[in-house]
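For reference, the structure discussed in these notes is given below.
Please treat every number below as a calculation from the coordinates, not as lab data. For clarity, every value in this text was computed on a predicted model and none was experimentally measured. Virtual Cβ from ideal backbone geometry, glycine too; neighbours counted across all protein chains shown.
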C-alpha cells in the first residue's frame, strides 16, 4: 500500500521555521497502530490523517506517542494541502474531529482556523512538579479543565526574557501528564510570547502551538484590552500567529509552506 504524504511548515512563511507537520490524505482509515507507527517514524510533533466524510473530512492527529485531541498547526497544514494541492480554488473546508467541527478558510493567502475557546482559571496551589520543573517561579499560574482536550498549565511571567531563557526540567514536567506546560509573557515585538512543553507526549518543546492560543488569546485580549493580537512563539524555530477571540470561539490565523511531498510504502519487506 502506498500513501501520499506532505511535509508542511505551519505558522510561518519561511522554510525551516514554524512547526513542521506531516499530512496524510487517506481514501480509508488505516488501523490505529499503523497511524501511530507512521507518526513515530515521522518523529514530528504531529502527523495529520484525514478521510473524506460528508461535507468535509474526518481529521485525526497523532504525536509520536499517542493520538491527541486538538492540534492547530497540523490542522492548518492539512487545510493548506487541500487548498493548494488536492482541491485548488477551494476557500473553505470543514474538518470533523473529536473536538467538534472545525472550519478553516483561506483569506488573502493566509489560513484562518475557527477553534473553540478553552477557558482558564487561576491555579490556587500549583503542583510542585510544575514549579520545580520550570526552575523559575512564575508571576501567576493558570490551568484549564480536567479533560485531555483542555488539560494544560499556563505559567505567566513578567518579562519576555524570562520565557526566552527558561531551561525547564522535562522529567519533572512529564510527571504532569496528561497536562502540558505553556509559559508566556507580554512581548516586545508581539503582543505576547509563549513556549510550550509536552514531554509526556514525546514532544520536549513544541515549535508553534495553535491549541494553546485557544486559552492564551482570551487571556491576553482581556489583560491588554485588544480584540486582535499578534502572538509569537519563541521556540528555536519560532512562529507567528494572529489571534482574535470571539466569545466561545477563537480565530487563529497563520501561513504555511511546503517542505516536501512523497510516498509512504506500507508492507515492504526489504
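For this structure, a couple of remarks:
- Calculated mean residue ellipticity at 222 nm for the chain: -5000 deg cm²/dmol, from DSSP H runs with n ≥ 4 weighted as -39500 (n - 2.57), summed, divided by the residue count and rounded to 500.
- Taking the Cα atoms of the chain, the ratio Rg/Rh between the radius of gyration and the Kirkwood radius comes to 0.96.
- The range 57-113 and the range 114-129 have Cα centres lying 25 Å from one another.
- Label positions at residue 167 and residue 124, each projected 7 Å from the Cα along the C-beta direction, are separated by 3.7 nm.
- Rounded if a/c under 1.5, otherwise prolate or oblate - the range 18-151, Cα gyration tensor axes: prolate
- D (Stokes-Einstein, µm²/s), Kirkwood Cα radius, the range 76-221, 1.002 mPa s at 20 °C: 130
- Separation of alpha-carbon centers, the range 192-270 and the range 161-181, rounded to whole Å: 17
- Dividing the mean sequence gap of close Cα pairs (under 8 Å, 6+ apart) by how many residues the chain holds gives a relative contact order of 23 percent.
- Highest mean packing comes first when the peptides 32-42, 206-216, 178-188, 248-258 are listed by Cβ atoms within 10 Å, giving 206-216, 178-188, 248-258, 32-42.
- The Rg/Rh ratio for the range 1-78, using Cα coordinates for both the radius of gyration and the Kirkwood hydrodynamic radius, is 0.95.
- Dividing the mean sequence gap of close Cα pairs (under 8 Å, 6+ apart) by how many residues the range 121-246 holds gives a relative contact order of 18 percent.
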